[in-house]
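Engineer: Have a look at this one before I ask anything.
The values are calculated or read from the model by the stated rules, or taken from the named source; none is laboratory data. Here the structure is a predicted model, which is why all the values come from computation and not from measurement. A quick note on method: Cβ atoms are made from the backbone with ideal geometry, for glycine too, and the neighbour counts reach across all protein chains shown. Note: accessible area is taken over every heavy atom of the protein model, side chains too, but ligands, DNA and RNA are not part of it. Shrake-Rupley method; radii C 1.70, N 1.55, O 1.52, S 1.80 Å.
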2 protein chains.
Amino acid sequence: MNSEEHPGQVMGEEEAWRFLEHTRFGRLALSVGNMPDIFPINYLAHDGKLLMRTNPGTKLAELTINDSVAFEIDGLTESEAWSVVLKGTARVLESQTEIDAASELPLTPWLQTLKYTFVEILPQSVRGFRFALGTEPERY
Amino acid sequence: MNSEEHPGQVMGEEEAWRFLEHTRFGRLALSVGNMPDIFPINYLAHDGKLLMRTNPGTKLAELTINDSVAFEIDGLTESEAWSVVLKGTARVLESQTEIDAASELPLTPWLQTLKYTFVEILPQSVRGFRFALGTEPERY
């Protein structure tokens, strides 16, 4: 992403984190064998990281092969659209201490399931953009 | 994605396409050098394909290196959340005939820009899920 690609207003990192902290749902993009995939998921921003839960299954298998992820949230107000993209690495919480601590956090997935695994995203970069919702200039 | 990972109700492909046709905004996931990236973008489902516009820049450069993409849309109703993921290949429209035809379609990006390029996504698979928004079962 660069400014040419996003002529909208670039957010500061602090503001981008505020959006991450006040949102509960986003999309996690993975790559396996250079094939992109994307998963809608509930999450919680906590302690400078993102926490999410998933079922033991495909998604986790992919994270084991390649832990690089991109995570996106977006929204609309009356006058603008906004989007924040976080890139980082994913790690499955393995120790019972970590799992117990994560279980105490207010993370409420849509998926109604008994078995789950916690995944933590450690950020490497966070970028946010605002797009004014207006009229497009004429193209000649 | 499999049913274990998505205990929600799986949509039929026809229904998933109805959601794609009635939505105008989604997220495009790419992979470059096995590193995932994700871009919020306006689009139009037309003639069994997705059409979007982008600035000549990073995103297009990435599509030239690896044309595999995943595209996601989602939404909420009072009682459920839904998501549709389309996987396919991306192609930049090069011929003036194609560009002229695409210019006639009601595709209205947020990005207010004069220079742009049309990208078409040819689907390989489309999957949709509904998630009932309810109470999670107790975990013992």
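Engineer: Check cross-link reach from A:K49 to the aspartates and glutamates: straight Cα distance under 17 Å, and skip same-chain residues fewer than eight apart.
Structural biologist: Within the straight-line limit of under 17 Å, A:K49 reaches these aspartates and glutamates: A:E13, A:E14, A:E15, A:E21, A:D67, A:E72, A:E94, A:E98, A:D100, A:E104, A:E120.
Engineer: Antiparallel versus total DSSP beta bridges in region B:9-129: what percent is that, nearest 5?
Structural biologist: The antiparallel fraction comes to roughly 100 percent.
Engineer: How much length is gained on full extension from B:L107 to B:E78, taking 0.36 nm per residue of separation minus their Cα-Cα distance?
Structural biologist: Details: separation 29, 0.36 × 29 = 10.44 nm, distance 2.83 nm.
Here the segment from B:L107 to B:E78 would lengthen by 7.6 nm.
Engineer: Give me the Kirkwood hydrodynamic radius of region A:9-132 in Å, from all C-alpha pairs, to one decimal place?
Structural biologist: Final number for the Kirkwood radius of region A:9-132 is 15.0 Å.
Engineer: Using a 1.4 Å probe on the protein heavy atoms, what percent of the accessible area of region B:9-129 belongs to carbon and sulfur?
Structural biologist: Numbers: 2760 of 5380 Å².
Accessible surface attributable to carbon and sulfur in region B:9-129 totals 51 percent.
Engineer: Continuing with the same structure: For region A:56-87, which GluC sites (Glu not before Pro) are both in a DSSP coil and crowded by at most 16 other Cβ atoms within 10 Å?
Structural biologist: Numbers: sites: A:E62, A:E72, A:E78, A:E80; in loops: A:E78.
Sparse-neighbourhood loop GluC sites (Glu not before Pro): A:E78.
Engineer: Please give the contour-minus-distance gain from A:L133 to A:R91: 0.36 nm per residue of separation, less the Cα-Cα distance, rounded to one decimal in nm.
Structural biologist: Numbers: separation 42, 0.36 × 42 = 15.12 nm, distance 3.70 nm.
Result for the pair: 11.4 nm of gain on full extension.
Engineer: Measuring label to label, 7 Å along Cα→Cβ, what does A:V92 give against each other copy in nm, shortest first?
Structural biologist: In nanometres, ordered from closest: 4.0.
Engineer: When each copy gets a label point 7 Å from Cα toward the beta-carbon at B:R18, what are the spacings between them in nm, shortest first?
Structural biologist: With the label placed 7 Å along Cα→Cβ, B:R18 yields 4.1 nm.
Engineer: Using protein chains only (no ligands, no nucleic acids) and a 1.4 Å probe, work out which residues of region A:63-84 have their accessible area cut by at least 40 Å² relative to the chain alone.
Structural biologist: A:S68, A:E72, A:D74
Engineer: Right, another one. Between A:E98 and A:T64, how high is the FRET efficiency from 1/(1 + (r/R0)^6) when r is the Cβ-Cβ distance and R₀ = 22 Å? Nearest 0.05.
Structural biologist: Values: r = 17 Å, r/R0 = 0.77.
After rounding, the FRET efficiency stands at 0.80.
Engineer: Could I ask something else about it? Considering only B:H46, B:A29, B:I121, whose Cα is most displaced toward the positive end of the charge dipole of region B:9-129, charges sitting on Cβ of Lys, Arg (+1) and Asp, Glu (-1)?
Structural biologist: Farthest along the dipole direction, towards plus: B:A29.
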